[in-house]
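To keep things clear, I will list the structure first and then write my remarks on it.
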Amino acid sequence: MQHVAFFRNVNQGQRGHPSTADLVGAFAAAGCPDAVPFQSNGTLVFAATDPEAVLPHAIIALADRTGLEREGFGMPLPALARIVDAHAGEADARRRELTLHTGAIIDLSDPDVEREAAHRRCTVVHSGPGWGVFLNERDHESNGTAVVERLTGARATSRGIPTLVRLVDRFAGPVA
């Protein structure tokens, strides 16, 4: 089964960040030599029967290769495709982002969640275990990571729905 890895704080090609070769090499060291990078933001698609084992090994291998520690989050490609399909057709899809984290399901009705999201000019519109979809008030803003990190005290990373539409189209095809 195909899975998607999302690394936090990666801008491939910029000084002080892992390169594409570093990321692909880390996955090869973790047993996934056919991992395919998508864009230059630390997103890779890989096939594995045990992705829960692959991603931690790739994170360690990346640190060993580069001396740079980065958090990584994963999701099966079919699950990602379902989330994208649920949001891509919305009129405000360009302001939506998927935020991945290690916490529990974000309670959309929790007053603390609502307050923190409002403070960051966004709302949580959908959530599941380890992820949430945020709607930003303004174009070209990304506030989901900050909200989740503030609420959970743990790291998170986000990708815009338009970016994820392109990923799903390329690797999964149309969602039924």
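The values are calculated or read from the model by the stated rules, or taken from the named source; none is laboratory data. On a predicted model such as this, the values are computed, not experimentally measured, just so you know. All Cβ positions, even for glycine, are placed from backbone atoms using ideal geometry, and neighbour counts span all protein chains on display.
Couple of notes before you dig in:
- When the test is whether a residue is in contact with a helix residue (DSSP H, G or I) (Cβ under 8 Å, 6 or more places away or on another chain) and of a type outside the set (A, V, I, L, M, F, W, C), Asp112 passes it.
- Test: residue in segment 96-107 that is of a type in the set (D, E, K, R), outside the structural domain of Phe7 (by TED's automatic domain parsing), buried (at least 19 other Cβ atoms within 10 Å of the Cβ) and under 20 Å from Arg150 (Cβ atoms): yes
- For segment 95-176, the strands (runs of 3 or more DSSP E) that sit wholly inside it and include 2 or more residues that are in contact (Cβ under 8 Å) with a residue 60 or more places away in the chain and touching a Leu at 6+ places or on another chain (Cβ under 8 Å) are 96-101, 156-160.
- Residue among Pro56, Pro76 that is more than 22 Å from Arg170 (Cα to Cα), touching a strand residue (DSSP E or B) at 6+ places or on another chain (Cβ under 9 Å), surrounded by fewer than 21 Cβ atoms within 10 Å (Cβ to Cβ) and at pLDDT 95 or above: Pro56
- Tally, over segment 21-60, of residues that are of a type outside the set (A, V, I, L, M, F, W, C) and more than 17 Å from the chain's Cα centre (by Cα): 8
- The condition of being closer than 21 Å to Val10 by Cα, at pLDDT 95 or above and more than 16 Å from the chain's Cα centre (by Cα) holds for only one of Ala63, Ala86, Ala93, Ala118, that being Ala63.
- Checking His57, His3 one by one, the residue that is assigned to a helix (DSSP H, G or I) and touching a helix residue (DSSP H, G or I) at 6+ places or on another chain (Cβ under 9 Å) is His57 and no other.
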